[in-house]
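> One structure coming up, written as structure tokens, with questions to follow.
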Amino acid sequence: MTLDAQGTNATDRAGLNGQAPRCDHIDQFSAVEYGPPECKECLALGRTWTRLLVCLTCGWVACSDNSQGGHARAHYQETDHPVVTTLETRSTWRWCYVHRRTV
């Protein structure tokens, strides 16, 4: 058995083939209705965005860190809603701000 820094069994949380431990945050949300495909903060400031992300906890849509505003991260910092996805069609990409990695 392999223990982590907190003394819990790290083997139980491990992913397949030595992948990073599973992110439990992805199990915490149900289906949410996404907001309109725009970053309201950028629109108010007259800015454009490079990529839009949607909060999987509440459906809030905001610009990514690649954009001038980085409003999706600001939403996480204000709300502690941990996981976002992209609005791109058929994408399975998700980012967990808590673990700072894709999940």
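> Suppose the filter is modelled with pLDDT under 95, of a type outside the set (Asp, Glu), surrounded by 11 or more Cβ atoms within 10 Å (Cβ to Cβ) and not in a loop (DSSP other than H, G, I, E, B); does His25 pass it?
Working: modelled with pLDDT under 95: yes; of a type outside the set (Asp, Glu): yes; surrounded by 11 or more Cβ atoms within 10 Å (Cβ to Cβ): yes; not in a loop (DSSP other than H, G, I, E, B): yes.
Answer is yes for this residue.
> In addition: When Glu38 is evaluated against the numbered criteria (1) at pLDDT 95 or above; (2) of a type outside the set (Lys, Arg); (3) assigned to a helix (DSSP H, G or I), which criterion, by number, is the only one it fails?
Glu38 satisfies every listed condition except (3).
> Is there any pair with a first residue in the range 70-83 that is at negative phi and a second that is at pLDDT below 95 and assigned to a helix (DSSP H, G or I) whose Cβ atoms are under 7 Å apart and which are 6 or more apart or on different chains, and what are they?
Listed pairs, sorted by first residue: Pro82/His25; Val83/His25; Val83/Ile26.
> Please go through (1) modelled with pLDDT of 90 or more; (2) exposed (fewer than 14 other Cβ atoms within 10 Å of the Cβ) for Ala20 and return the number of the only condition it doesn't satisfy.
Every listed condition holds for Ala20 apart from (1).
> Could you pull out the residue among Thr92, Thr57 that is under 16 Å from Ile26 (Cα atoms) and surrounded by 17 or more Cβ atoms within 10 Å (Cβ to Cβ)?
Working: Thr92 fails: surrounded by 17 or more Cβ atoms within 10 Å (Cβ to Cβ).
Thr57 is the lone residue from the list that is under 16 Å from Ile26 (Cα atoms) and surrounded by 17 or more Cβ atoms within 10 Å (Cβ to Cβ).
> Under 7 Å between Cβ atoms, at least 6 apart or on separate chains: pull out the pairs that start in the range 24-51 with a residue that is closer than 17 Å to Leu87 by Cα and end on any residue that is loosely packed, with under 14 Cβ neighbours inside 10 Å and of a type outside the set (A, V, I, L, M).
So the pair list comes out as Cys42/Thr48; Thr50/Asn66; Arg51/Asn66.
> Give me the residue from the range 39-54 that is out of contact with any Gly (no Cβ under 9 Å at 6 or more places or on another chain) and surrounded by fewer than 14 Cβ atoms within 10 Å (Cβ to Cβ) and, out of that set, nearest to His99 (Cα to Cα). Steps first, answer last, please.
Initially, the range 39-54 is screened for residues out of contact with any Gly (no Cβ under 9 Å at 6 or more places or on another chain), giving 40, 43-44, 46, 48, 50-53.
Remaining after also requiring surrounded by fewer than 14 Cβ atoms within 10 Å (Cβ to Cβ): 43-44, 46, 48, 50.
On the way: Leu43: 29, Ala44: 31, Gly46: 32, Thr48: 28, Thr50: 23 Å.
Among residues in the range 39-54 that are out of contact with any Gly (no Cβ under 9 Å at 6 or more places or on another chain) and surrounded by fewer than 14 Cβ atoms within 10 Å (Cβ to Cβ), the one nearest to His99 (Cα to Cα) is Thr50.
> Among the numbered criteria (1) modelled with pLDDT under 95; (2) surrounded by 21 or more Cβ atoms within 10 Å (Cβ to Cβ), which single criterion is violated by Ala72?
(1)
The values are calculated or read from the model by the stated rules, or taken from the named source; none is laboratory data. Remember, predicted model here, so these are calculated numbers, not experimental data. Here Cβ is always computed from backbone atoms with ideal geometry, including for glycine, and neighbour counts include all displayed protein chains.
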